[in-house]
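What follows is a set of notes on a single structure, which appears directly below.
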Amino acid sequence: MQTQPRPEGLLMEQLLYASEVLVNGLMAGVMYSLVALGFVLIFKASGVFNYAQGVLALFAALTLVGIQQGQIPFAHLINAMTGTHLSSFGWTVPSLLAILLTALVMVGLAILIETLVLKHLVGQEPIIMFMATIGLAYFLEGLGDIMWGADVKTLDVGLPQGISDTAEAWTAALTGYGFFIDRLDIWATVIAALLVAALVAFSQYTKQGRAMRAVADDHQAALSVGISLRFIWVMVWSIAGFVALVAGIMWGTKSGVQFSLSLIALKALPVLMLGGFTSIPGAIVGGLIIGVGEKLFEFYIGPLVGGATESWFAYVLALIFLVFRPQGLFGERIIERV
Amino acid sequence: MLYREAGDFKTSYRDDSQTFPLKLDRMGYWVTLAVAFGVIPFVITDYWANAVLVPFLIYAIAALGLNILVGYGGQVSLGTGGFMAVGAYATYKLSTSFPEISLLIHILLAGGITAAVGVFFGLPSLRIKGFYLAVATLAAQFFLVWLFNKVPWFYNYSASGQITAPERTFLGYVISGPATSASAKYLVCLVFAVGLAWVARNLTRGTAGRKWMAIRDMDIAAEIIGVNPLTAKMSAFAVSSFFIGIAGALLFSIYLGAAEASETFGITKSFLVLFMVIIGGLGSIFGSFAGAAFLVVLPVFLKNVLVGAFGWPTDLAAHIELMIVGALIVFFLIVEPHGLAQLWRLTKEKLRLWPFPH
């Protein structure tokens, strides 16, 4: 860390610092990819552009904390209606069990969404579906707050946090400069890689995965060979709910469970536009590009224009990119005929 | 018995194609205008102006603007908040730089500036469409809000980073600043709302509107029959942004009196106006007003009932409001995609036949 300000070392130090920014950008990109994955899954299987994915992550994280700490659902509402002072059952649930229960809740939610919303919107234009999911996002946000309370919660499922000493020691031994890397980010990267591998294996090598791809290609044709559209939709939304749960755990551990968690959905949108809406590798590559790009841009250009460029850089990048390549990096080419 | 077209004979094409073909509708329209201009300004209280009527009129203008883009032009935009900010900051800069010119002219000019910005951010719509475009307009939303926060020139280097409306008069009456009376606020907004609604109605049923709708229904087919997508899309963006800019200018200078870019014109504003358009009815002038009225009155109503009558905490009421709005959006998209306007249309159809069902 304490390099002497030698004339020839200055450039080297800058380079190393830039590469540290790069590595951290990659880690942030993994987080974006994680959320973007949920979008891609739903979009691929049902053609629905699910704006509510971020709120699903928030909802999953809220539910997880609620179950873990044994909170009574709707305590706030019940208190207001009846004048009682309920808050919790007085027990705590071990993390693993709580995660399993939350996954079950997400499956239940997927079934509810399918029967109450999606079933009625079959065959509507994509943009109508998109707006319906915005409505869904608002509803879930209100529901989550009423169920578990709107205060900021800390989420701890036993994932390691803090600066990784090993990474610092390794990089220090290699380059003479210790990189500052959060251990949680490393774990997130590993988990995201496992998740992606599992998802790809699922969609390539299982019967349900094949059915899912068939539905994505053509609803009608899939129906005619005996695939249940509704089952596939519930399944896909459940998987997306599970991905949202993983993303919620990561982001919630990192920065607390609060409303801003639902805004990561907004961050995942440019990632998708860059990568193409239908491509799982696209979501990952797009996430990495945006993560790295916005950190580097903030590092080099940010000070010149007043900083906080992270709020818009991803969008402007995606916008400019789309003007030249409307289908994104790995997206399917859109061919239109009258 | 009253609501009939019998005896209401049209003798010219002009009569036949008017906005309100039924006599009762026309009378209702004139009565509404007469009450709005002749009665309400004299009886209006501060509470009604600030809680209901002024925000209703301003959001109605914004919803009209967005409806032109989304409902008539078929180009979904989530950048409404950013464009409202352009209107507000343009008014602020203009009225502090040229205090001798009337504020009303500044507001119109601010609309023009917003139109130019809107066209600029609308340019990608020539290449990308659908929700790709919707997400691309988010770039406008976030970039503009960031710009107004970070460049001190826009807020005249004020310490708080806020813009505050200077006191301005029109014909001797204060129309801007803290000393504005409720009726002055209301009347300025009403004049703009009625004027712009008239413009919107006539634009949408003329050549421009037909082009927009042709592009909306099927852009490639429209291009083949000779609609230029460049002019059609850009004019939709320009007109829409003009309306939205004026709404932002009014929101800042007449209604709020002070504004801060990220708080007043955040992404929630964009969604709010989009919801007004969906609930009110895509592609309907009346729907824009209905949607704005609904979403302005709903929070006031919930607050009065839940907090006022039941004594529940305010945050709970806010969460219930989120749930209701979200559920309504889904409900309207499933059951009645044309919104409140379509419900009103159906009611009128039924009334015309009443008491006979056929």
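Observations on the model:
- Residue check for B:LEU22: more than 29 Å from A:LEU319 (Cα to Cα) and in contact with an Asp or Glu (Cβ under 7 Å, 6 or more places away or on another chain): yes
- Per the conditions (1) open to solvent by less than 40 Å² (accessible area, probe 1.4 Å); (2) within 13 Å of chain B (Cβ to nearest Cβ), the sole criterion not satisfied by A:HIS76 is (1).
- Candidates A:VAL190, A:VAL225, A:VAL246, filtered to the one that is over 30 Å from A:SER19 (Cβ atoms), of a type outside the set (Gly, Ala, Ser) and out of contact with any Pro (no Cβ under 9 Å at 6 or more places or on another chain): A:VAL225
- Criterion applied to B:PHE120, B:PHE148 was being among the aromatic types (Phe, Trp, Tyr) and open to solvent by less than 30 Å² (accessible area, probe 1.4 Å), and the one residue passing it is B:PHE148.
- If only residues of region A:184-227 that are touching a residue at least 24 places away in the same chain (Cβ under 8 Å) and over 20 Å from A:THR278 (Cα atoms) are counted, the one that is most open to solvent (accessible area, probe 1.4 Å) is A:TRP187.
- Hey, A:THR84 in a loop (DSSP other than H, G, I, E, B), more than 14 Å from every other protein chain (Cβ to nearest Cβ), loosely packed, with under 14 Cβ neighbours inside 10 Å and of a type in the set (Val, Ile, Thr) or not: no
- Filter pass, B:ILE107 being touching a strand residue (DSSP E or B) at 6+ places or on another chain (Cβ under 6 Å), of a type in the set (Val, Ile, Thr) and in contact (Cβ under 8 Å) with a residue 24 or more places away in the chain: no
- Matching residues in region A:312-324 - criterion: being in contact with a Lys or Arg (Cβ under 9 Å, 6 or more places away or on another chain) and open to solvent by less than 20 Å² (accessible area, probe 1.4 Å): A:ALA314, A:LEU322
- Test: residue in region A:80-91 that is hydroxyl-bearing (Ser, Thr, Tyr), at negative phi and in contact with a strand residue (DSSP E or B) (Cβ under 6 Å, 6 or more places away or on another chain): yes
To keep it simple, each residue is scored yes or no on (1) outside any helix (DSSP H, G or I); (2) of a type in the set (D, E, K, R).
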| residue | (1), (2) |
| --- | --- |
| B:THR19 | yes, no |
| B:ASP25 | no, yes |
| B:VAL31 | no, no |
| B:PRO55 | no, no |
| B:ASN67 | no, no |
| B:GLN75 | yes, no |
| B:LEU94 | no, no |
| B:ILE101 | yes, no |
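- Restricting attention to region B:249-263, the residues that are of a type in the set (Gly, Ala, Ser), farther than 17 Å from B:VAL273 by Cα and either outside any helix (DSSP H, G or I) or within 14 Å of chain A (Cβ to nearest Cβ) (or both) add up to 3.
- Remark: pairs (first residue in region A:135-154, more than 7 Å from chain B (Cβ to nearest Cβ) and outside any helix (DSSP H, G or I); second residue open to solvent by 20 Å² or more (accessible area, probe 1.4 Å) and not charged (D, E, K, R); Cβ separation under 7 Å; 6+ apart in sequence or on different chains) = A:GLY149/A:HIS76; A:VAL152/A:GLN258.
- When B:LEU33, B:LEU24 are checked against the criterion of being in contact (Cβ under 8 Å) with a residue 60 or more places away in the chain, open to solvent by less than 80 Å² (accessible area, probe 1.4 Å) and among the hydrophobic types (A, V, I, L, M, F, W, C), a single residue qualifies: B:LEU33.
- Meeting the requirement of 3 or more residues that are within 11 Å of chain B (Cβ to nearest Cβ) and surrounded by 24 or more Cβ atoms within 10 Å (Cβ to Cβ), the helices (runs of 4 or more DSSP H) wholly within region A:255-311 are A:264-275.
- Residue within region B:321-338 that is among the aromatic types (Phe, Trp, Tyr), within 14 Å of A:ILE146 (Cα to Cα) and within 12 Å of another protein chain (Cβ to nearest Cβ) present: no
- Top-ranked residue in region B:158-168 [being under 18 Å from B:GLU263 (Cα atoms) and either within 13 Å of chain A (Cβ to nearest Cβ) or of a type outside the set (Val, Ile, Thr) (or both); ranked as most open to solvent (accessible area, probe 1.4 Å)]: B:ALA159
- Qualifying position, being in a helix (DSSP H, G or I) and within 11 Å of chain A (Cβ to nearest Cβ), among B:THR137, B:THR114: B:THR137
- Answer residue from region A:93-128, given it is hydroxyl-bearing (Ser, Thr, Tyr) and away from chain B (no Cβ under 14 Å) and is most open to solvent (accessible area, probe 1.4 Å) among those: A:SER95
- Filtered residue count, region B:100-117, keeping only those that are surrounded by 24 or more Cβ atoms within 10 Å (Cβ to Cβ) and of a type in the set (S, T, N, Q): 1
- Residue count for region B:124-134 under the criterion of being in contact (Cβ under 8 Å) with a residue 24 or more places away in the chain and outside any loop (DSSP other than H, G, I, E, B): the result is 5.
- For the criterion of being touching a helix residue (DSSP H, G or I) at 6+ places or on another chain (Cβ under 9 Å), within 14 Å of another protein chain (Cβ to nearest Cβ), surrounded by 21 or more Cβ atoms within 10 Å (Cβ to Cβ) and β-branched (Val, Ile, Thr), B:ILE246 fails.
- Test: residue in region B:280-299 that is under 30 Å from A:ILE78 (Cα atoms) and buried (at least 22 other Cβ atoms within 10 Å of the Cβ): yes
- Selection status of A:ALA308, of a type in the set (Gly, Ala, Ser) and modelled with pLDDT of 80 or more: no
- Criterion (over 26 Å from A:ILE134 (Cβ atoms) and among the acidic types (Asp, Glu)) met by exactly one of B:GLU349, B:GLU260: B:GLU349
- Matching residues, region A:228-247, being open to solvent by 60 Å² or more (accessible area, probe 1.4 Å) and closer than 28 Å to A:LEU263 by Cβ: A:PHE242
- Number of residues in region B:205-232 that are more than 14 Å from chain A (Cβ to nearest Cβ) and of a type in the set (D, E, K, R): the value is 3.
- Per the listing B:ALA317, B:ALA293, the residue uniquely more than 10 Å from chain A (Cβ to nearest Cβ), out of contact with any Gly (no Cβ under 8 Å at 6 or more places or on another chain) and not in a loop (DSSP other than H, G, I, E, B) is B:ALA293.
- When restricted to residues that are at pLDDT 75 or above and not in a helix (DSSP H, G or I), region A:312-326 contains 2.
The values are calculated or read from the model by the stated rules, or taken from the named source; none is laboratory data. Since this is a predicted model, take the numbers as computed values, not measurements. Quick reminder, even Gly has a Cβ in these numbers, built from the backbone with ideal geometry, and neighbours come from all protein chains shown. Note: areas computed on protein heavy atoms with side chains; ligands, DNA, RNA excluded. Shrake-Rupley method; radii C 1.70, N 1.55, O 1.52, S 1.80 Å.
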